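Heads up, the thing below is written out as structure tokens.
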Amino acid sequence: MKNIYYLLFSFIFISCDQDAVTPLLNEELPTGELLIPEVPYDTLDVVNDPENLFYTDVITAKIEVLGNCSNDVFSIESGEFDSSWVAASWTHPDTDITYKNAFSLYNVCVIPSNAKVGDLIQFKVAKEFLENDCVSCTEYAPTPENKIDIRLLN
């Protein structure tokens with residue numbers, strides 16, 4: 001029985017290998033300069049945006065909460081954005097702190113591991129959601145219901 005568990009675990013571990021997925025991503029998506037050094041694969045070239053995949057404006061947001069399992073909360077500081085992308089006012093139920101123009105991420109894997117609360121990020125918003133491209137846990141933490149898919153510029 002113990003050998004069956006090892007075999008099953010090995011299959012799951014090997015099937016989630018990022019190196020096996022990366023070539024598929026690079027063939028299906030336009031690639032560009034590596035914008036986030038911690039990410040082991042190319043990101044989209046959002047500056048030139050040859051495929052018109054992004055809304056045109058650059059947005060600056062502040063990292064307000066770095067939640068467990070990448071349940072992060074952000075607030076827009078500047079840039080043109082659609083009001084449907086954000087909660088005009090969102091109060092964190094655990095801390096009673098209210099954030100203006102708050103949102104969470106559809107793709108939780110774009111924030112670098114060295115990010116800190118208070119950091120500013122610049123990004124463009126994708127016109128269509130792309131699949132999450134990393135493994136993350138599913139533990140619940142409160143975030144705004146408004147989720148957007150971003151690509152970092154810095």
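Each reported figure results from applying straightforward, stated rules to the coordinates on display, with no laboratory input. What you see is a predicted model, and the numbers here were worked out from it, not measured in a lab.
Calculate one ³J(HN,Hα) per residue across segment 113-118 by plugging θ = phi - 60° into the Karplus curve 6.51 cos²θ - 1.76 cosθ + 1.60, and present them in order as whole Hz with x for glycine and proline.
Result, ordered by residue: 5, 8, 5, 10, 4, x Hz.
Under the Karplus relation 6.51 cos²θ - 1.76 cosθ + 1.60, θ = phi - 60°, what is the ordered set of whole-Hz ³J(HN,Hα) values for segment 136-149, x standing for Gly and Pro?
So the J values, rounded to whole Hz, are 9, 6, 10, 5, 7, 8, x, 9, x, 5, 6, 10, 10, 9.
Lys62: which lysines have alpha carbons under 23 Å from its alpha carbon, excluding same-chain residues fewer than 8 sequence positions away?
Cα-Cα hits under 23 Å: Lys100, Lys116, Lys124, Lys127, Lys147.
Would you please give the residues with an amide H less than 5 Å from that of Asp149, counting only those at least 5 places away or on a separate chain, with H modeled from the backbone geometry?
The list, which skips near neighbours in sequence, is Tyr106, Ala126.
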